[in-house]
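Nothing in this text is a laboratory measurement; each read-out follows from the coordinates by a stated rule. All of these numbers come straight from a predicted model, not from anything done at the bench. Every residue, glycine among them, receives a Cβ derived from its backbone with ideal geometry; neighbour counts consider all protein chains shown.
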Amino acid sequence: MEEKKKILEILAELRPEFDFENSSDFIEDGLLDSFDIASLISVIEERYSVKVDGLDIVPENFLSVDAIISLIEKSSEKS
């Protein structure tokens, strides 16, 4: 649960005008665009000391907080 809170804080820093907690699909709901995803990857790599594989930079990995957490976990296994 704590991890979800951290991700929501990062998302709020990137796009404070959006309510990520009440969205089940950040891409479809228009909360994240490609620039936001690039910024998010940068923050994730810095804060979690991981390297996100280019092949993992697909919309499916940024649809929700759970998807982002899964991406971080996957990236940390590779690092």
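Converting phi to 3J(HN,Hα) with the Karplus coefficients 6.51, -1.76 and 1.60 and the offset θ = phi - 60°, the range 50-60 yields 10, 10, 7, 5, x, 5, 8, 8, 10, x, 4 Hz in sequence order, with x at every glycine or proline.
Modelled this way, with points 7 Å down the Cα-to-C-beta line, the labels at Ala38 and Lys6 are 2.6 nm from one another. Label sites at Arg15 and Arg47, each approximated as a point 7 angstrom past Cα along Cα to Cβ, lie 1.5 nm apart. Applying the Karplus relation 6.51 cos²θ - 1.76 cosθ + 1.60 with θ = phi - 60° to the range 6-18 yields 3J(HN,Hα) values of 4, 5, 4, 5, 4, 4, 5, 5, 5, 9, x, 7, 10 Hz, where x marks Gly and Pro. The dipole here belongs to the range 1-77: it is taken about the Cα centre, uses +1 on the Cβ of Lys and Arg and -1 on the Cβ of Asp and Glu, and is about 240 debye. In this simple spin-label model, placing a label point 7 Å from the Cα along the Cα-to-Cβ direction at both Ser70 and Glu28 gives a separation of 1.5 nm.
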